[in-house]
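Below is one structure, written out as structure tokens, with a few remarks after it.
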């Protein structure tokens with residue numbers, strides 16, 4: 001398992017979307033992009049993922065959760081790069097309050113490489129990081145400091 005921790009500064013599109021799926025759907029090379037809802041540095045996300053793609057291969061899919069912040073930027077990146085986007089949305093009717101944690105599991109299970117944009121505090125992103133470590137995914141943790149709104 002490879003874990004990379006980077007400390008860097010941080011301060012309309014249409015893509016194919018797959019709603020909540022109960023099991024692993026693909027064995028292709030997929031990149032998961034996860035992170036805080038307050039993450040808004042598209043340049044940092046784009047440069048981080050492109051650096052990986054330049055050294056490896058273009059993924060079959062970008063996998064994410066459809067939330068604000070990092071997930072929204074992941075969708076923007078997928079559209080810009082013409083990479084299909086798989087979005088796993090939480091199924092609150094089936095899983096209740098634990099739906100986002102189940103969703104996180106599906107995101108990680110359906111990726112070979114995980115980019116986690118983390119402020120060091122987000123419990124959801126930490127959950128995804130722990131799951132990626134447990135499943136021995138290639139993991140890139142990019143830390144950032146949230147921008148404080150006035």
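Of note:
- Any hit, segment 18-31, residues being in contact with a strand residue (DSSP E or B) (Cβ under 8 Å, 6 or more places away or on another chain) and modelled with pLDDT of 95 or more: yes
- Subset of segment 125-138 that is under 14 Å from the mean Cα position of the chain (by Cα) and not in a helix (DSSP H, G or I) - its residue that is farthest from residue 51 (Cα to Cα): 137
- Annotation: residue 131 fulfils all but one of (1) modelled with pLDDT of 95 or more; (2) closer than 12 Å to residue 36 by Cα; the unmet one is (2).
The values are calculated or read from the model by the stated rules, or taken from the named source; none is laboratory data. Please read all numbers here as calculations on a predicted model, not as lab measurements. Glycine also receives a Cβ, built like all others from the backbone with ideal geometry; neighbour counts cover every protein chain displayed.
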